[in-house]
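The block underneath contains the structure these notes are about, expressed in structure tokens.
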Amino acid sequence: MLIQIQDDGNGLNVDRIRQKAITRGLIGANESLSEKEIINLIFEPGFSTHDEATEYSGRGVGMDVVKQKLKDLRGSIDITTEPGLGTAFTMRLPLSLSILHVLHVRVGSINYLIPHNEVEQCLSERLNSEIIQRRGFNIKYNGNLVPNLELKEIFNLSSDDTNEPCTIVLNKNDQLISIQVDQIVGEEQLVIKPVDESLRSLEYLAGISVLGNGELAFLLDSLKLRESFTLDTPANPARIVNRKS
């Protein structure tokens, strides 16, 4: 389910958001961030661009609560803004039961599903070595450093060495992440059910489905996968490390 709220105001002042974030120590003065990353700083607890609190605004309470509530519901929020035109907030919430077009992949003996509309590109490492260049915890994809995650590590799985590993680049709310899988099975239309209470501790899963052969398949939550990475120290802002806690 998608809900969008839009105004016709002046839009968000990206420069002011960045300056306030530097003043509060949220980012370094020389840290390079995209416009979307700067805008997303308004979700930080207590963040406000107002110098003084009034009866109606300036306390920085609100956006962080909205984001947390949506995360609790396994949803997400995205912001787009245009100077002089206004700002749009797009909230996405999962349906309790839905039919989804997915990409079916495998890691070892486990089936995973990826929403098809989030798949940017599927790449064979051997055939696309000129596109995929490893940079520590990242890959270089089309000239950009993209966080790279091996599902076998985050889910503690044994890999299937009989298949050539594949890299899948995902695009969630204009944020890229790449994941490594053993095998791409193909595209499917599947009924997705909510994650059972017993699996809620596996935060990277957004749903579950039963395949035609009776096996279970797990829908990946690419937003949570992307958020499992965090920028390293300001001395090396381009390096991204996997945060497992």
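The values are calculated or read from the model by the stated rules, or taken from the named source; none is laboratory data. None of these values were measured; they are calculated from a predicted model. When we count neighbours, we look across all protein chains shown, and the Cβ atoms used for this are built from the backbone with ideal geometry, even at glycine. Heads up: the accessible areas ignore ligands, DNA and RNA and are worked out on the full protein's heavy atoms, side chains in. Shrake-Rupley method; radii C 1.70, N 1.55, O 1.52, S 1.80 Å.
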### Query
Looking at region 104-144, which of its residues are at pLDDT below 70, basic (K, R) and in a strand (DSSP E or B)?
R134, R135
### Query
Wholly within region 158-215, which strands (runs of 3 or more DSSP E) include no fewer than the required count, namely at least 2 residues that are at pLDDT 90 or above and touching an Asp or Glu at 6+ places or on another chain (Cβ under 7 Å)?
166-172
### Contacts under 6 angstrom Cβ, first residue in region 148-164 being buried (at least 17 other Cβ atoms within 10 Å of the Cβ), partner assigned to a loop (DSSP other than H, G, I, E, B) and modelled with pLDDT under 80, 6 or more apart
K152/S159
### Residues of region 104-115 satisfying the condition of being in contact (Cβ under 8 Å) with a residue 60 or more places away in the chain and either surrounded by fewer than 18 Cβ atoms within 10 Å (Cβ to Cβ) or of a type outside the set (S, T, Y) (or both)
H104, V105, R106, V107, G108, I110, N111, L113, I114, P115
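When you look at L220, is it crowded, with 19+ Cβ neighbours inside 10 Å, modelled with pLDDT of 80 or more and hydrophobic (A, V, I, L, M, F, W, C), yes or no? Walk me through how you get there before you give the answer.
Details: crowded, with 19+ Cβ neighbours inside 10 Å: yes; modelled with pLDDT of 80 or more: yes; hydrophobic (A, V, I, L, M, F, W, C): yes.
Judged against the criteria, L220 is a match.
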### Message
I'm trying to understand the selection: among the residues of region 91-103, which are open to solvent by 70 Å² or more (accessible area, probe 1.4 Å), hydrophobic (A, V, I, L, M, F, W, C) and modelled with pLDDT of 80 or more?
### Response
I99
